[in-house]
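A short worksheet on the structure shown next.
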Amino acid sequence: MEKSLLTPIQYLKGIGPKRAKSFSKLGINTIEDLLYYFPRRYEDRTKFISISKLQEGQTYTIKAQVKALGERQSFRRRGFSIIEVAVGDSTGKIFCVWFNQPYLKEYFKVGLTLILYGRIERYAGRLQMNSPEFEIVSSKSDESLSIGRITPIYSLPQGITQRYFRKLVKSALDEYLPEINDFLPFDIRSRNNLLNLAISLINIHFPDNLDMQNEAYRRLSFEEFFLFQLPLALRKLKKKEKTGISHKVDGELINAFIEGLTFRLTLAQERVIEEIKSDMAKPHAMQRLLQGDVGSGKTVVATIATLIAIQGGHQAAFMVPTEILARQHYSVVSRQVLGVRDDIKIGLLISSINKKEKEKIYKEIKEGKVDLVIGTHALIEESVKFKHLGLIVIDEQHKFGVGQRALLPAKGTNPDVLIMTATPIPRTLAITLYGDLDVSIINELPPGRLAIKTMQFSEKNKSQAYEIAKAQLRQGSQAYIVYPVIEESYALDILGAKKMYNQLKSGEFKEFKLGLIHGRLKQSEQDEIMLKFKQKELEVLVSTTVLEVGIDIANATCMIVESAERFGLSQLHQLRGRVGRGRQESFCILICDAETPQAKVRLAAMLKYNDGFRIAEEDLKIRGPGEFFGRRQSGLSELRIANPLTQMQLLKKAREEAGKLI
Ligand code: ADP
Ligand code: MG
């Protein structure tokens, strides 16, 4: 039988239905997905450092045996467990310490050999490794993939070990590599000095040396840029051929709407509206990216754009990433619009409405009875057909893939497109990435916003932070408490959030109604909890990082971020944007004992700046562009490893090649 990279991974040895399911959660369904699941980092395990040579403040990989283990309660904090494992090699001994993860002790037994990766700190006069990542070395199995080489480290959920995953990747490489056709034409490869696909895939997972890893990285990045640029190049070509809609931009409706608002537009909003108007009036399709800090008021600008389309007799679609956000926009926009003109028909399209309602709205959209439809991904389903779609708005665009973004415009004939984001991307970069996209920026917050009070408390003084939150709650406000998730062990961290939720519920926050939300819940369950919070049935929301984008709940005035040192700066800023949305004073409380210098700088920046663009700049300085454009936070969620900031040259080349090919 011929082997295809699209073969489901169940066909690999050692993957049953249960494993397949947890892989599916990682987005790995086929052999190809597996091979394109790249390491998060590498460890040079060709030689290990001796324990006697470890120095404070440095991060190392060591190989050592478990000598003794113990668990104790923290003196300072009740119910807070500490696991200590003494490990040693022929040169000495060191303690490894894990905080509040009692379940870890199941893993360790005296005599086991471990590989540990972590930072050396001094505590009570002795050196120790705090919360290291670890791998258990098994004497039986073949360790050639894990030891004595440059070893890949992947982001994996609990239950999937690094060793197992490496083996799996290796067997997929061995079995399927002969089937791999390089889809990049030979001349493009040779012009740009790129390795072929097979060699690149081997070396991105199991590099012979760092140079080869680098070359593999270069080739795979090029490939990503290339695939990213192809549809753009295509679109550009098409756009030249076809014209768009010339909208009627002036009319009573817009003025009446603006007059009907309970606030005055900011100058920045007015300027951006003018830019949008001038685009929409032209007989070509608008492609505009609207950037604006959290809370800068992008929604109302987008709403005005939809009204421009509607007053000329067109339909508009407004797509957002979550159901709760769709509901939020639907109710706000309906109230604002219907207050001015009650003959405008607004529809809500989300997956969770029942079939009958869905059929009904499909029909109304198709017959042109709905003027504006607000919804989620449900909008791009095949059954959704518009009569005359004139404008598309995509909110929080970084939450959608390129593919998803492209599907909606295909439902009209060259409709205008407005995409919005709160993640600032430097202008030159935005243009290189998105081709001919025009960029508008709202660089001003609505007046009267009180600056969010950002504060920092140490773990030790945490109860003071809780007191601030409780004081807010007693006045009828609401609060969020956020826990971090580390990629490689998010199962453990959800356990952490759950545990804290239970503790807080029966302890510190006994008198309040608490809810828990995390990424393992179904979308509909998450939405339900958010709705309860919005309707004030819940007063405190304990959450992992899933805390939704775009949520506008003015009554929430307090955000507590636990272990704040584990968040990136932009991420902290986005989280902080969930409060300070009303006229009440708001608080963002960062709880942490910043240990690393970087964490200190990050927290200092949070305390100092409130402006998202400023924060983004600082973030770039601190973390370097690589992490800043990390897959999860950037607008470039489809790029797995390529980094537009550090690989600008490569991106340009890929763009040229894509243009040539088309
Ligand atoms: P974002 O840009 O983060 O999407 P929103 O559109 O959700 O921000 O707006 C945040 C809040 O500010 C909303 O409650 C909105 O009604 C309000 N708002 C928007 N523009 C203004 C303005 N010019 N003056 C006062 N409040 C405004
Ligand atoms: Mg928004």
Quiz item: Given labels modelled 7 Å from the Cα in the Cβ direction, how far is it in nm from Glu656 to Lys363?
Solution: 5.7 nm
Quiz item: Where nothing but the Cβ of Lys and Arg (+1) and of Asp and Glu (-1) is charged, how large is the charge dipole of the chain around its Cα centre, in debye to the nearest 20?
Solution: 1000 debye
Quiz item: Under a 1.4 angstrom probe, counting protein chains only, how are Asp279, Asp182 ranked by accessible area, largest first?
Solution: Asp182, Asp279
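Length gain on complete extension for the stretch Lys460 to Thr646, per 0.36 nm per residue less the alpha carbon to alpha carbon distance? Don't jump to the answer; show the numbers that get you there.
On the way: separation 186, 0.36 × 186 = 66.96 nm, distance 3.98 nm.
Contour length minus the Cα-Cα distance gives 63.0 nm.
Helix-only estimate, please: 222 nm mean residue ellipticity of the chain, summing -39500 (n - 2.57) across DSSP H runs of length 4 or more and dividing by its residues, to the nearest 500. If you can, show how the numbers build up before the last one.
Values: 20 runs with 249 residues, N = 662.
Helix-only estimate at 222 nm: -12000 deg cm²/dmol.
Hey, what did segment 1-155 get for relative contact order, percent, Cα under 8 Å, at least 6 apart?
On the way: 275 pairs, mean separation 36.9, N = 155.
Worked out over segment 1-155, it gives 24 percent.
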Exercise. Could you grab the relative contact order for the chain? Cα pairs under 8 Å, six or more apart, rounded to a whole percent.
Key: 12 percent
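Would you kindly state how much longer the chain becomes between Ser4 and Glu252 on full extension, computed as 0.36 nm times their sequence separation minus their alpha carbon distance, in nm to one decimal?
Working: separation 248, 0.36 × 248 = 89.28 nm, distance 5.91 nm.
Result for the pair: 83.4 nm of gain on full extension.
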Quiz item: With each pseudo-label sitting 7 Å past Cα toward Cβ, what's the Arg122-Ile147 distance in nm, one decimal?
Solution: 3.3 nm
Quiz prompt | For Ile517, distant residues with modelled amide H under 5 Å away | solution = Val542, Ser543, Thr544
Quiz item: What is the distance, in nm, between label points placed 7 Å from the Cα along the Cα-to-Cβ direction at Lys513 and at Tyr107?
Solution: 3.9 nm
Quiz item: Cα atoms only, the chain: Rg and Dmax in Å?
Solution: 26.6, 83
Practice problem: At a 1.4 Å probe radius, which order do His573, His377, His314 fall into by accessible area, largest first? | Solution: His377, His314, His573
Quiz item: For segment 214-323, what value does the Rg/Rh ratio take when both radii are computed over Cα atoms and Rh is the Kirkwood radius, given to two decimals?
Solution: 1.10
Quiz item: Using a Förster distance of 60 Å, how high is the FRET efficiency between Ile199 and Val332, based on the Cβ-Cβ distance and rounded to 0.05?
Solution: 0.65
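Suppose R0 equals 45 Å. What FRET efficiency, 1/(1 + (r/R0)^6) with r the Cβ-Cβ distance, do Thr59 and Glu525 give to the nearest 0.05? Kindly include the intermediate steps, with their values, before the conclusion.
Values: r = 38 Å, r/R0 = 0.85.
With R0 = 45 Å, the Cβ-Cβ based efficiency is 0.75.
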Quiz item: With every protein chain present, what accessible area does His247 have (1.4 Å probe, heavy atoms only), rounded to the nearest 10 Å²?
Solution: 10 Å²
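Kindly give Rg over Rh for segment 118-226, based on alpha-carbon atoms, with the Kirkwood expression for the hydrodynamic radius.
Working: Rg = 18.1 Å, Rh = 16.5 Å.
Reported Rg/Rh (Cα atoms, Kirkwood Rh): 1.10.
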Quiz item: Where in the chain are the helices, taken as whole DSSP H runs, whose Cα atoms extend 15 angstrom or more along the long axis and whose Kyte-Doolittle mean reaches at least 1.0?
Solution: 298-311
Quiz prompt | Theoretical gain in end-to-end length, Ser278 to Ser50 [0.36 nm per residue, Cα-Cα removed] | solution = 75.4 nm
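Calculate what fraction, in whole %, of the accessible area of segment 149-201 sits on carbon and sulfur atoms when a 1.4 Å probe is rolled over the protein chains. Don't jump to the answer; show the numbers that get you there.
Values: 1140 of 2230 Å².
It is 51 percent, rounded to a whole number.
Please compare each pair in Lys358/Lys385; Lys498/Lys522; Lys360/Lys411; Lys63/Lys109 to a cut-off of 22 Å on the Cα-Cα distance and tell me which ones are over it. Each step should come with its number before you reach the end.
On the way: Lys358/Lys385 12 Å; Lys498/Lys522 16 Å; Lys360/Lys411 18 Å; Lys63/Lys109 15 Å.
The answer is none of them.
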Quiz item: If one puts a single equal scatterer on every Cα of segment 1-117 and applies the Debye formula without solvent, what log₁₀ I(q)/I(0) results at q = 0.15, 0.16, 0.22, 0.23 Å⁻¹?
Solution: -0.89, -0.93, -1.11, -1.15
Quiz item: With every protein chain present, what is the per residue accessible area of segment 36-128 (1.4 Å probe, Å²)?
Solution: 54 Å²
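Could you pull out the pairs from Lys13/Lys170; Lys25/Lys513; Lys356/Lys534 whose alpha carbons sit more than 21 Å apart here?
Long pairs (Cα-Cα over 21 Å): Lys25/Lys513; Lys356/Lys534.
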Quiz prompt | Long-range amide H partners of Arg149 with built H, under 5 Å | solution = Arg45, Thr46
Quiz item: Under a 1.4 angstrom probe, counting protein chains only, how are Ile419, Ile202 ranked by accessible area, largest first?
Solution: Ile202, Ile419
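The values are calculated or read from the model by the stated rules, or taken from the named source; none is laboratory data. Keep in mind that what you see is a predicted model, and the values were worked out from it rather than measured. A quick note on method: Cβ atoms are made from the backbone with ideal geometry, for glycine too, and the neighbour counts reach across all protein chains shown. Just so you know, the surface numbers come from the protein's heavy atoms only, side chains and all, with ligands and any DNA or RNA stripped out. Shrake-Rupley method; radii C 1.70, N 1.55, O 1.52, S 1.80 Å.
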